[in-house]
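Right, one structure below, let's go through it.
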Amino acid sequence: MKIKFFVLVPTFIGLSFVSAQQKQNYVSPNENLITENIASIPSELAGQVKKYSEARGASLAEIHPLKNEIIINTRFGSTSQLHLVSMPMGARKQITFFDEPVSGASYEPIKGEYLIYSKDIGGNEFGQLFKLDLKTLQSTLLTDGGKSQNGGVTWRKDGKGFYYSSTKRNGGDRDIYYMDPNNPASNKLILEVKGGGWGIEDISKDNKQLLVSEYISANESHLWALDTETGKLTEITDRKSKNIVQTNAKYSDKQDEIWFVTDRDNEFARLATLNLSTKKITYYTSKIPWNVEQYSISEDKKKIVFVTNEAGRNKMYLMNTADKSYQEIKNIPIGLIGNVDFTKNNENIFFSESTAQTSSDVFKLNLKSGKIEQWTESELGEMQQSDMATPKFIEWKSFDNLTISGFYYPASPKFTGKRPVLINIHGGPEAQSQASFLGASNYYTNEMGISIIFPNVRGSAGFGKTFLAKDNGFLREDSVKDIGALLDWIALQPELDKDRIMIMGGSYGGYMTLATAYHFADKLKCSVDIVGISNFNTFLKNTEEYRRDLRRVEYGDERDEKMAAFFDKMAPLNNTDKIKKPMFIIQGKNDPRVPVTEAIQMRDKLKAQGNTVWYLEAKDEGHGFKKKANIDYQRLATIRFMQEYLLK
């Protein structure tokens with residue numbers, strides 16, 4: 001199929017030289033989108049892309065405590081909402097109906113007659129807690145409704161109330177509160193802390209203690225015990241120990257013992273137990289040289305299901321807690337596994353999974369029979385398996401001989417000749433690109449003939465704690481050099497076109513995009529920066545208070561003169577004179593993580609220099625677009641940008 005190119009039709013803010021008849025043939029941004037210099041998008045293109053843009057996914061939100069039914073998150077309108085599913089492949093009954101996406105769900109644990117869920121406004125991430133009556137579908141606001149984050153709902157075993165974390169006291173510190181949702185006025189502060197990284201992990205059988213975690217960075221976290229009656233906080237792990245991950249704590253069936261995940265004395269995070277009296281730690285997954293990413297313990301404490309991340313693919317294991325023996329659950333397709341949990345009767349496990357050819361769906365594993373039953377089947381629009389690219393694991397050597405890896409999705413074989421390349425860099429920075437479902441991005445590979453590479457530069461999770469720390473502080477630009485080495489690798493591949501390469505990334509990946517755009521300007525055709533950091537000094541000054549200290553541990557403290565000078569020297573904002581190629585900047589106005597000012601200052605400086613800059617801002621979005629109309633326009637505008645500056 002030949003790629004069609006379209007002539008740019010100039011549009012001007014406040015004035016338009018496009019006739020009414022012409023407008024009918026082009027896609028217009030909705031009232032929430034601010035656009036600058038974006039080429040007109042033909043309606044014909046929107047029709048072609050629609051085949052790829054209607055896929056949806058479903059993820060497990062909660063399991064009913066008594067009934068054989070679940071709550072899932074999925075989208076049928078503009079945003080992801082909660083739905084009830086009462087049988088395998090049964091109807092998805094929508095139970096929340098908002099313009100804003102709903103995240104999380106927690107059943108009242110005794111009868112399951114109502115839910116607690118979280119919702120923010122316009123992507124500002126100030127999530128408020130609501131009570132949803134499942135008989136009337138009426139919601140009641142439980143928290144302050146203001147500029148606070150609220151979450152981590154942990155119920156008392158008798159269902160009389162729950163503990164949760166909130167930044168409501170001062171916007172920066174994540175304290176612990178208790179509330180009876182049937183009497184919101186009962187809300188009371190249990191623990192006042194310093195820092196935005198605190199969270200609740202588990203509650204004891206007698207409701208007298210909470211396990212609480214303190215997140216310092218991706219390389220360090222600690223565990224505490226909180227007396228719910230006195231508010232006394234007791235250290236479990238050694239707070240003085242540095243650069244050790246100790247997280248995801250759960251009470252064992254034994255007195256004075258907890259389960260947790262830690263990378264102590266190892267490159268990877270292992271499942272372990274800790275004796276609260278002797279402080280002895282026993283490790284159980286040392287034979288698996290990969291991170292244990294998540295686990296769940298059954299209600300009777302006799303079984304544990306845990307998920308590992310093995311080179312960007314997940315495997316699921318089942319452990320007997322009596323003798324600590326475990327084995328891999330084999331009859332699961334290769335893919336990504338999430339939201340794993342036991343039913344209250346200890347007989348089944350629900351989980352979500354996606355593959356390279358399927359979006360996320362929910363499955364149930366019967367522990368006695370080993371049978372896996374699919375509970376949801378998400379539509380993929382008109383996409384067929386033959387339309388979808390299959391990822392290949394690739395590796396290359398960086399400037400210091402460190403091995404870097406990623407996933408390569410080749411362009412459809414129906415295209416001949418050297419193929420243009422899109423390098424898509426993840427955020428975090430401690431995120432990880434995995435062998436995931438491309439979704440609408442299959443349009444790039446199948447209709448535009450573009451190959452896509454998702455790299456895992458140093459600092460990415462999943463490859464050991466040494467690799468994770470290799471981009472911290474003054475080492476920041478070493479990760480940019482990893483992309484430089486990837487550009488050299490691309491030049492050696494006979495099927496790839498080294499002269500047609502585009503960089504794209506979001507959040508920290510946006511910073512990487514901007515940095516690559518000036519470090520390797522001569523090797524790129526264009527770049528797309530999505531909610532990216534343009535200067536770490538201004539970013540740390542303007543990011544939300546609850547995040548600031550947590551980000552300083554990773555990036556460096558801008559209050560230190562040497563670090564501030566380093567930030568200024570490396571800032572893409574201060575190196576715009578080296579950026580020669582067209583750039584598309586995309587931003588949510590309400591972004592609490594990377595403020596809109598990071599995008600505006602980059603846009604304005606590039607414009608002042610005469611660079612080609614496209615700009616898209618959503619007034620009702622935050623850290624990335626979540627509403628379908630906005631997502632669809634962003635995708636179409638990105639395709640037009642690629643047509644103009646990558647493919648031509």
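Structural remarks
- Scoring ALA105 on the criteria (1) in a loop (DSSP other than H, G, I, E, B); (2) without any contact (Cβ under 8 Å) to a residue 60 or more places away in the chain leaves a single failure, condition (1).
- Residue within segment 581-590 that is among the polar types (S, T, N, Q), assigned by TED's automatic domain parsing to the domain that holds LEU45 and not in a helix (DSSP H, G or I) present: yes
- Residue check for GLU347: more than 28 Å from the chain's Cα centre (by Cα) and surrounded by fewer than 20 Cβ atoms within 10 Å (Cβ to Cβ): yes
- Taken over segment 93-124, the residue count meeting the criterion of being of a type in the set (D, E, K, R) and surrounded by fewer than 18 Cβ atoms within 10 Å (Cβ to Cβ) is 4.
- Residues of segment 246-263 classified as crowded, with 20+ Cβ neighbours inside 10 Å and farther than 21 Å from GLY152 by Cα, total: 1
- Against the test of being assigned to a loop (DSSP other than H, G, I, E, B) and surrounded by 21 or more Cβ atoms within 10 Å (Cβ to Cβ), the options THR230, THR237 yield a single qualifying residue, THR237.
- Any hit, segment 38-48, residues being at pLDDT 95 or above, surrounded by 18 or more Cβ atoms within 10 Å (Cβ to Cβ) and in a strand (DSSP E or B): yes
- Residues in segment 287-339 that are buried (at least 19 other Cβ atoms within 10 Å of the Cβ) and more than 26 Å from the chain's Cα centre (by Cα) were compared, and the one that is farthest from LYS371 (Cα to Cα) is THR321.
- Matching residues in segment 625-648 - criterion: being under 13 Å from LEU33 (Cβ atoms) and β-branched (Val, Ile, Thr): ILE631
- If you check GLY464, GLY449, GLY459, GLY427 for being at positive phi, surrounded by fewer than 23 Cβ atoms within 10 Å (Cβ to Cβ) and under 24 Å from the mean Cα position of the chain (by Cα), only one passes: GLY464.
- Number of positions in segment 510-557 that are surrounded by fewer than 18 Cβ atoms within 10 Å (Cβ to Cβ), in contact with a helix residue (DSSP H, G or I) (Cβ under 7 Å, 6 or more places away or on another chain), at pLDDT below 95 and assigned to a helix (DSSP H, G or I): 2
- Conditions (1) part of a strand (DSSP E or B); (2) surrounded by fewer than 18 Cβ atoms within 10 Å (Cβ to Cβ): number failed by LEU223: (2)
- Elements of type strands (runs of 3 or more DSSP E) contained in segment 110-198, each with 3 or more residues being touching a residue at least 12 places away in the same chain (Cβ under 8 Å), in the same structural domain as LEU84 (by TED's automatic domain parsing) and farther than 23 Å from HIS83 by Cα: 162-166, 175-180, 183-191
- Options ALA440, ALA469, ALA491: the member that is closer than 21 Å to ASP387 by Cβ and surrounded by fewer than 20 Cβ atoms within 10 Å (Cβ to Cβ): ALA440
- For segment 350-389, a residue qualifies if it is loosely packed, with under 14 Cβ neighbours inside 10 Å, among the polar types (S, T, N, Q) and more than 21 Å from LEU82 (Cα to Cα), and the qualifying residues are ASN366, SER369, GLN384, GLN385, SER386.
The values are calculated or read from the model by the stated rules, or taken from the named source; none is laboratory data. This one's a predicted model, so the numbers in the text were calculated from it and none came from an experiment. Cβ coordinates were reconstructed from backbone atoms using ideal geometry, including for glycine residues, and neighbour counts include every protein chain displayed.
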